[in-house]
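Working notes for the structure below.
The values are calculated or read from the model by the stated rules, or taken from the named source; none is laboratory data. Every value quoted in this text rests on a predicted model; they were computed, and no experiment measured them. Cβ sites come from the backbone with ideal geometry, for glycine too, and all protein chains shown count toward neighbours. Calculation scope for accessible area: heavy atoms of the full protein, side chains included, ligands and nucleic acids excluded. Shrake-Rupley method; radii C 1.70, N 1.55, O 1.52, S 1.80 Å.
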Amino acid sequence: MAISPGSGPETTTNDDRPETDSETDDGAETDGRTGAGDETEAEGGAGAEPSADTRAESEGGLESETAPAAETGTRSARADGTLVWPARYVREHLVHSGVLLFLALYPGIYTLLVNSPLRSELLAVLPEIETMVAVFYFGLFAMSFDFISGYTGYLDFGHAVFYGIGAYVVLLVATGKVPLLPAETPFVLVLVLAGLLAVVFAVLIGAVSFRLTGVYFAMITLGFGQVVYVFVRGWDYVGSNPRDGIAVSERSGFEIGVPFVDSLDLAIGQLTGDELSVLAIELSTTEVSYYMVGLVVVICYFAMQRIIHSPFGRVMIAIRENEQRAAAIGYNTFRYKLGAFAISGFFAAIAGGLFAGFRRTATPDNAFFFLVTGDALLAAIIGGFGTLAGPLYGRLFDEGVREFLSKAGEGGGLLPYLREHLSEAVLGTELLGGMTVQGAIETFLNGHASLYIGALFVLFVLFVPDGLLGTIRARLGGPVGKCLPDRAGEYVPERFERYWKGLER
Amino acid sequence: MTFLLTVTIATEVVSLVSELSPLLASGFGLRSPAALAFFPDVTLVALGDALASFLQPVNLFDVFLNGLAKSALYVMIAVGLTLIFGLMGVLNFAHGSFTMIGAYLGGLILVLTVTGTTGGLARIGLFFVGVLVVFGVLAVLGGVLEISLIRPLYDRSPVYQILLTFGLTLVLDELVRIIVSLYGLQPISDWQNAFGTRPAFIARSLDFGPVDVPGLALFQIAFGVVTVGAVWAFLTRTRYGLIVRAGSEDAEMTEALGIDVRRVFTVVFALGAGIAGVAGVLLMWDPVWGASVPLAAETLLPAFVVVIVGGLGTFRGTVVAGILVGMVDAVMTWWFQNAISFTGLPQITIFLILVIVLIARPQGLFGVEGVGGH
């Protein structure tokens with residue numbers, strides 16, 4: 001099924017119009033723009049989706065328009081000459097750039113703040129760099145989960161299969177257990193291979209599962225996931241005790257960069273990674289891992305974002321909003337679902353591979369178990385279901401709370417802070433039934449983050465069903481990357497307005 | 001008469017297989033390639049021998065009885081889930097946690113009341129006191145949770161109910177973990193003291209001629225049969241059961257007839273949670289399960305399998321699927337113990353049943369398409 005060729009020029013005309021013009025969009029739908037038609041339709045129909053969200057998407061941008069903007073921008077260069085596409089590109093990516101800049105500077109900011117007078121307070125609150133690496137790779141997994149579940153509406157409870165495949169392929173290759181692939185095969189190559197294997201699995205599982213919908217789909221994927229999980233748990237090829245998973249001891253650090261060129265890649269891992277000094281800045285192994293893992297995640301994010309903004313992504317959203325209608329228009333929804341599933345499996349495997357590469361070990365329970373998918377679900381809901389970047393923020397929130405409330409993260413957190421700052425007298429005070437304050441702190445803060453995460457999650461489901469990013473989007477009335485620059489434009493001083501407006505369409 | 005016939009046929013097959021198996025092996029002179037891939041140390045000969053041994057009447061009877069006991073447990077675990085789903089279309093992820101709480105609560109009651117000198121019948125009596133208390137407590141807990149948390153979500157898409165109950169699981173499991181470790185117990189390992197409260201005739205095997213019957217299995221079968229009977233009677237013989245069935249069929253119509261469906265929802269949710277708790281009390285005495293925090297996830301997944309295989313929301317389907325899954329589990333456990341050294345064999349087959357049934361009959365064995373809002 002080919003995608004309507006009319007979509008190109010029409011997107012251009014859409015861009016000419018002011019943002020609030022989504023009603024006229026509807027008119028345009030009738031003559032051929034199909035995917036978006038369903039979304040706008042569903043705006044009235046499906047109550048569960050935030051209306052702002054759907055409206056925003058029918059206007060043609062989520063976080064911001066990446067390539068379509070650039071593409072159509074050149075074609076529709078304005079007669080008045082104010083719009084130059086690189087400028088527009090910059091404007092559309094202001095928020096992206098801001099976030100990326102912040103993330104790039106974060107290790108520096110962290111070091112600075114942690115050495116400031118407010119040291120212990122900040123140490124307790126700020127997530128460590130190591131935690132941030134975990135946020136990156138798991139955030140990528142959560143994004144890939146959102147890619148299939150949030151955008152096509154098919155809840156995949158067996159998504160951990162792909163994450164596990166990624167992790168296990170990397171570790172099996174590294175321990176020399178995969179024929180034809182030596183242990184020192186470049187990590188990036190193995191990542192891609194793992195992704196391709198996940199694609200094969202996704203096609204096999206999807207071909208069967210996508211005959212079902214709703215709860216049944218969730219359950220059959222859960223079934224497949226558990227079959228794989230139980231199999232891996234008893235698969236003694238990986239080692240004498242398959243329940244303990246695989247650990248890599250011999251291979252040097254997993255390097256991210258250009259394969260076979262030693263000077264163009266950097267190894268990740270806390271003990272085995274590379275250190276780097278650029279100019280006067282010394283980067284520790286963890287910080288190098290932070291940047292390299294982050295780099296891969298950012299590339300994957302933009303790839304997925306591009307797909308969602310392509311006509312293919314439109315059909316995915318159309319399937320979520322009203323599958324029968326998408327099928328009636330002539331799309332072979334089965335193929336689109338399968339394709340989306342394969343893509344999402346690919347990125348999930350990349351995430352799993354990064355996890356394995358950084359930790360150098362994985363077990364069936366932290367790679368294949370259905371609760372791993374549950375964690376991704378948590379991140380996706382907290383961050384915003386059906387917003388691609390949302391799950392990353394969701395995971396950041398999740399990990400942040402975990403680290404703050406339990407001593408899972410070695411450095412910071414509330415527990416060491418309280419231990420350090422409460423006086424002996426306070427700590428020794430008896431509460432109920434002979435339990436001292438110290439005892440209560442130890443009991444309730446030591447490793448019980450799931451309790452608070454669970455409670456927060458329940459509150460989110462009840463009161464913030466759109467998640468962090470989804471709610472902000474609803475407030476702004478559109479994707480953050482699109483609306484924030486518009487809002488900001490109102491506050492630009494008059495004499496600079498010319499430059500700002502120059503960036504405007 | 002029929003029994004005799006079965007036995008003769010079985011013995012015939014046994015002799016046939018044992019004659020055939022060396023023939024098969026020598027004739028082909030190879031190890032089965034399929035078996036090679038997954039279970040390297042299994043040969044066709046060994047498989048043939050194992051089959052011969054499996055088909056011996058004593059073993060078959062053992063497996064059958066074990067299967068019935070497992071079936072009873074699976075039905076117990078899943079009945080509450082199916083009631084809730086059938087009426088409200090809520091796939092309750094917190095179901096396993098209710099079972100786990102029930103196991104701990106029941107264990108607590110028994111550990112506190114049973115002393116070394118308590119007689120066997122008195123222990124059974126206390127067990128049923130525990131069952132009643134746990135049912136009451138969990139029904140109240142379920143009712144409160146339904147009113148406070150799930151009720152606001154009925155007009156949203158069903159995904160949110162899954163999500164909410166999933167979050168609930170995290171909270172409940174972690175709370176139990178905190179409380180349990182506060183009393184110096186290991187949350188991840190089975191509660192040994194609870195095993196200790198079993199009466200003697202349940203803990204050992206009863207001798208019936210050629211076969212040994214575990215007392216626990218008989219107890220579980222009896223308990224399962226009574227529960228299924230009670231729920232069936234409630235659904236078909238009482239007025240409230242009629243209302244529940246009407247509500248599952250068409251909630252709007254039932255409401256139009258002047259019935260407060262919301263209240264029925266609460267009652268059924270409480271009932272489902274209560275039964276889940278009772279299942280937990282039963283599991284607490286079973287060494288395979290035992291009271292521990294991971295019990296929540298261990299029971300949730302089979303419960304899903306049973307409910308889905310039977311057809312979401314049909315009571316009859318759940319009972320049949322429970323028996324099916326229980327039997328398959330028992331058979332596979334026997335094969336794992338005697339022939340195939342693959343640890344995950346019973347579990348993997350259970351999930352394979354789920355996958356195969358969903359492929360062949362997406363609505364489940366007894367399910368009607370479209371019931372339960374999906």
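List the accessible area buried at the contact between B and A, summed over both sides and calculated with a 1.4 Å probe, in Å² to the nearest 100.
Values: alone 18200 and 22650 Å², together 36840 Å².
Using a 1.4 Å probe, the pair buries roughly 4000 Å².
Database remark: amide H of residue A:269 closer than 5 angstrom to the amide H of A:289 (H placed geometrically; neighbours at sequence offset of 5 or more, or on other chains; Pro and chain starts carry no H). Simple point charges give the picture: +1 on the Cβ of Lys and Arg, -1 on the Cβ of Asp and Glu, and for chain B a dipole about the Cα centre of about 620 debye.
Close amide H pairs (under 5 Å, H built 1.01 Å from N) link residue B:206 with B:213, B:215, residues at least 5 positions away or on another chain.
Modelled spin-label separation between residue A:414 and residue B:178, with each label point placed 7 Å from Cα along the Cα-to-Cβ direction: 0.9 nm.
For residue A:327 and residue A:281, FRET efficiency with R0 = 35 Å and r from the beta-carbon atoms, rounded to 0.05? Numbers along the way, then the final one.
Details: r = 55 Å, r/R0 = 1.57.
That pair, residue A:281 with residue A:327, gives E of 0.05.
Selection among A:334, A:372, A:401 by position relative to the dipole of segment A:127-405 gives A:334 as farthest towards the positive end (Cβ unit charges, Cα centre).
If you stretched the chain out fully between residue B:140 and residue B:60, how much longer would it get, using 0.36 nm times the residue separation minus the C-alpha to C-alpha distance?
Working: separation 80, 0.36 × 80 = 28.80 nm, distance 4.28 nm.
Here the segment from residue B:140 to residue B:60 would lengthen by 24.5 nm.
Counting protein heavy atoms only, segment A:127-405 has 65 percent of its accessible area on carbon and sulfur, 1.4 angstrom probe. Across segment A:111-128, coupling constants 3J(HN,Hα) worked out from phi with the 6.51/-1.76/1.60 Karplus curve, θ = phi - 60°, read 4, 4, 5, 5, 9, 7, x, 7, 2, 5, 5, 5, 4, 6, 8, 6, x, 5 Hz, and Gly and Pro carry x.
Given Cα pairs under 8 Å that are at least 6 residues apart, what percent is the relative contact order of segment A:127-405? Present the calculation step by step, with values, prior to reporting the outcome.
Details: 508 pairs, mean separation 109.0, N = 279.
Relative contact order here is 39 percent.
Shape class of segment A:160-312 from the Cα gyration tensor (axes a ≥ b ≥ c, square roots of the eigenvalues): oblate, since a/c reaches 1.5 or more and a/b does not exceed b/c. What angle do you read, to the nearest 10 degrees and between 0 and 90, between the alpha-carbon axis of helix B:2-28 and the longest principal axis of chain B? Compared with the principal axis, the helix lies near 60 degrees. For chain B, the Stokes-Einstein estimate of translational diffusion at 25 °C and a viscosity of 0.890 mPa s comes to 110 µm²/s, using the Kirkwood hydrodynamic radius over alpha-carbon pairs. In summary, segment A:127-405 shows an alpha-carbon radius of gyration equal to 0.99 times the 2.2 N^0.38 Å reference for compact globular proteins.
With a Förster radius of 51 Å applied to the beta-carbon distance between residue A:189 and residue B:245, the computed FRET efficiency rounds to 0.30. Here the gap between residue A:264 and residue A:335, fully extended at 0.36 nm per residue and compared with their Cα-Cα distance, gives a gain of 21.7 nm. Does any residue of segment A:195-221 lose at least 40 Å² of accessible area with all protein chains in place compared with its chain alone, and if so which ones (probe 1.4 Å)? Residues meeting the cut-off: A:211, A:212, A:215, A:216, A:219, A:220. For segment B:164-179, backbone nitrogen atoms closer than 18 Å to the point 7 Å from residue A:440 Cα along Cα-to-C-beta are found at B:175, B:178-179.
The sum of -39500 (n - 2.57) across all DSSP H runs of n ≥ 4, divided by the residue count of chain B, sets its helix-only mean residue ellipticity at 222 nm to -24500 deg cm²/dmol. Once the Cβ-Cβ distance of residue A:115 and residue B:186 is raised to the sixth power relative to R0 = 41 Å, the FRET efficiency obtained is 0.50. Between residue B:356 and residue A:181, what is the spin-label point distance in nm, taking each point 7 Å from the Cα along the Cα→C-beta axis? Between residue B:356 and residue A:181, the label points sit 3.2 nm apart.
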